[in-house]
């Protein structure tokens, strides 16, 4: 096995400095005067020592995920992300040949102008540098270093450039340090955090959500900083929103079943987005397995019928899944999410449930295995989902008297909630309930107004825009 040159591997000289820096650095976040220097040893991207031990144990135990991944790699399947897959296979098995093949792909096929290729090249260099000869290692490093002067703004490119910076931090210390600082201070704190605090979603696509999770892992693994600090509410809402963003009925594909996140437009769903959505959930659990919402996620993930077995998803499945992590049954989680200007609700956690979603001013309904767009200008009738009733806004609306029947005799009373969707975002409305004094309420930033009632409520309700 070819060893790295002394120039490209100065870790031993840094160990005293590393110990002093880690002792002085607070665990909650980067210190104000942090230099963003990278002192961790490779592999420093996603494969921390704990995860690498887990993956090797999966191999020893011949787990279902390992058998599927190993079978595809041994059979020379055309993996959709060959650099990623070969580097992971070579790292787990400690074989030189897969890593050398990954290096060849990085030099002959990959393009640094494609953020997905750039990410894979960084993983190949970080995971496989001791298995590639010095010439190939140096050539890959030069390609990664060449992009570090760029300052991208989109999530996928920031993630991939950050990976490149961390991968070559031993040989290009200052450029790596500068890009890490840009990622945390300029992009994350300056662009992403303000959107989170405003209740917006900076990552509308599931691939972007997954890339965000890779950024969180990479920063924490190499700086001990959890950059979620300051956006706690946004991250508390993330897991429930994620679970309720799916249509109830799974999608049967050749390799496995997929849960399908809600999407706009006609045609079949994008199964890559479904795969990234599941990968993001597994990465969330790996980041913080103790948070209760993530324990519900783990219970959701552990159903083997959704285990990704294909030539795209299996690499993510093996990398992130932890079958030894306990989870909670997601059926105990509320089946209603109202935050960030959107509403996601379903009648139950059964796969034949009715689902309704409202976001970005458009409404969708999924029932009896079919999804449909609800035209708000057609003034459709209300939709009932258990104790939840959703009304579609119209001028001078009146919710009919006795809009929800009282519970059956002997049944446990439950609260009832009504949502009016399609209102003017953040506008104020006068609400009149029969027998009660009129009050004023404000729609949220998505145009949703929430009203709660006692189980035996029968009075009429009128809503008008406040003057």
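Brief remarks on what is shown
- Residue in segment 95-113 that is in contact with a helix residue (DSSP H, G or I) (Cβ under 8 Å, 6 or more places away or on another chain) and touching a residue at least 60 places away in the same chain (Cβ under 8 Å) present: yes
- Residue in segment 275-283 that is assigned by TED's automatic domain parsing to the domain that holds residue 205, in contact (Cβ under 8 Å) with a residue 40 or more places away in the chain, surrounded by fewer than 16 Cβ atoms within 10 Å (Cβ to Cβ) and not in a loop (DSSP other than H, G, I, E, B) present: no
- Residue 424 fulfils the conditions (1) out of contact with any strand residue (DSSP E or B) (no Cβ under 6 Å at 6 or more places or on another chain); (2) modelled with pLDDT of 90 or more; (3) not in a loop (DSSP other than H, G, I, E, B) except for a single criterion, (3).
- Unique residue being in a loop (DSSP other than H, G, I, E, B) and surrounded by fewer than 24 Cβ atoms within 10 Å (Cβ to Cβ) when the list is 100, 151, 142: 151
- Residue 121 being part of a loop (DSSP other than H, G, I, E, B), assigned by TED's automatic domain parsing to the domain that holds residue 237 and surrounded by 23 or more Cβ atoms within 10 Å (Cβ to Cβ): no
The values are calculated or read from the model by the stated rules, or taken from the named source; none is laboratory data. Model, not experiment: these values are computed from the prediction. Neighbour counts are summed over all protein chains in view; Cβ atoms, including those assigned to glycine, are modelled from backbone coordinates with ideal geometry.
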